[in-house]
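The values are calculated or read from the model by the stated rules, or taken from the named source; none is laboratory data. Quick caveat: nothing in here was measured; it's all calculated off a predicted structure. Note that we place each Cβ from the backbone using ideal geometry, even for glycine, and neighbour counts take in every protein chain shown. Calculation scope for accessible area: heavy atoms of the full protein, side chains included, ligands and nucleic acids excluded. Shrake-Rupley method; radii C 1.70, N 1.55, O 1.52, S 1.80 Å.
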Amino acid sequence: MRWGRRSRDEDANHARRSQAALLEEQSLELFRQGRVAEAVPLQEQAVELVDAVIASQGEITVDDLVMLGALNYGLGSSLQAVSRPDDALAALDAAEEAYGAALDSGRADAAQWITDVRVRRARAFHGQGRVADAILAMDRVVRAVVAEGPAGDAFEHELGLCRLLYTNALLMADYGDPDLILGSADQVVRLMLARQLKINTLEGDNDYYVDVLRCAATIAMREHARQGRTEIAEAAGGVAVGTWAEIDASEIPSLIGETMALPPMYRVSIVRAAAYYGKLTGELGKADLARRYRDVAREVDAGLAAHAEQEWAAPATVRMTLGVALHQARSMLRDGEVPDEVLALGGADNARSLVTVGQRGPESDWAESAWRLTRIVPAVLNNPHVAARIGLEAHLLYAASLAATEDRSAWHGSHAYRWRIVLECLVNLFEPAGDEVMVADLRRWLAVTGEVVNEYHDPYHGRSPLGWAKAREE
């Protein structure tokens, strides 16, 4: 009898797995067609089926954990796309938990999947307007991969690093230090151009990596132009549009048709690259070239092209690099108020060798470095660009330090009141500028500085609201 019951359970679980696999296949097809809202219920049902399989077994199999992780990973992406951010983060948490259990059970390749989940979580934070969470989630991922180095094939490691650095640049693009953005984007361009012959031989993934190169070069084009490096910007723009086509006037109609037939993600990156390049070449006095790229971008997707042109020209409070801001602050203040060790936080002049906030110094120094920056901010509020950049970097270092601490209560006692100083200054800078996204994020962190830490009542169980991704690292 017991054998017969077990056999029936095994048959039921086999049926559940098969049904889950079929639902996943159907949802992927809907996703490819852009029918994401229709795909979500199928993905949710597939997750429930695999959950039922795991719940019915005395001993969980690694294959079931991997399947559960993959289903939740896909579900998280879909939920984000249909504006269910909290549910998306819950699905990604479940995916990381399943992959973590698989890794603990000996599935070594689950480590890469955990990295993928953390990257997708950072993107989800970005989509919710959680600026610091997004930047610092990518910070942790990038630093971990850089520190670990290649575990096997160096080329595979470089491809993975390019994916991460491109996403890092993308998520910092609105508020991050331009030196960090360019440190990431330029490195992607250099690595991928150096490996382009090998990338061209990749079966199935070639188009994806060409798109990564195009997107990174597009970011580099805009950031170099904003920093006044027009020759470098034009070279980066040439790389971006060169991944697609050098537009000849006679070929425009066919190029438009070919581009409109591409998958949405490639079409979007091509339109943005063409729109940016049109703006750049126009500013450089190359009117005919500018018109060609601008016209193609508008013909393919007029709305996206218009948005990209606005992005190119958009003014901002935080376009200054930390290095420049600190040098300007030194010239504004008394001798000794911006010492050399504080200047060093901005990185070497023009080197753009850093790619994350966490690389500004050892983890143990983050909070003290944040305080050194914070002390400068009230004295330079008459220059909003200088104050905003220095203040944001101080804020990010404080948030990173809080996420890394083992004794959250002691950390709050030592640093929270200082953190509040810079947060309140930043709110007073961004609120008059009408930046609702940043103001909302800063106010959320102000609430964090005032919280009473009790791990029995704290929803983050003693961790910062950067997400619980650090849980598996502890």
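Just a few scattered comments:
- Summary of packing: across the peptides 324-335, 389-400, the per-residue average of other C-beta atoms within 10 Å ranks them, highest first, as 389-400, 324-335.
- Under the span-like rule (Cα at least 18 Å along the axis, Kyte-Doolittle mean at least 0.5), DSSP H helices of the chain: 36-55, 62-81, 131-148, 154-172, 178-194, 384-404, 436-449
- Cα-only Debye scattering, the stretch 108-183: base-10 log of I(q)/I(0) at q = 0.12, 0.19, 0.27 Å⁻¹: -0.32, -0.76, -1.32
- Estimated FRET transfer efficiency when R0 is 25 angstrom, pair Ala52-Glu148 (beta carbons, to 0.05): 0.10
- Here the stretch 247-327 is assigned +1 on the Cβ of each Lys and Arg and -1 on the Cβ of each Asp and Glu. Its dipole about the Cα centre then comes out at about 260 debye.
- Counting only DSSP H runs of at least 4 residues, each contributing -39500 (n - 2.57), and dividing by the residue count of the chain, the helix-based mean residue ellipticity at 222 nm comes to -23500 deg cm²/dmol.
- Put a dot 7 Å past the Cα of Ala173, heading toward its Cβ, do the same for Ser83, and the two dots end up 2.2 nm apart.
- Peptides 361-369, 150-158, 136-144, 164-172 ranked from most to least packed, by the mean per-residue count of other Cβ atoms within 10 Å: 164-172, 136-144, 361-369, 150-158.
- Most positive-pole-ward Cα, Gly106, Ala90, Met265, against dipole of the chain from beta carbon charges: Met265
- Sites Leu28 and Asn206 - FRET efficiency at Förster radius 22 Å, r taken between beta-carbons, to 0.05: 0.60
- Figure legend: label point modelled 7 angstrom from the Cα of Ala314 along Cα→Cβ; residues of the stretch 128-159 with amide N under 18 Å from it are 128-135.
- Pairwise centroid distance, computed over Cα atoms, of the stretch 328-383 with the stretch 191-253, Å: 33
- Cα gyration tensor shape of the stretch 174-264, rounded if a/c is under 1.5, else prolate or oblate by comparing a/b with b/c: oblate
- R0 of 30 Å, Cβ-Cβ distance Ser254-Ala302: FRET efficiency to nearest 0.05: 0.95
- Rolling a 1.4 angstrom probe over the chain with all protein chains present gives an accessible area of which 50% lies on carbon and sulfur atoms.
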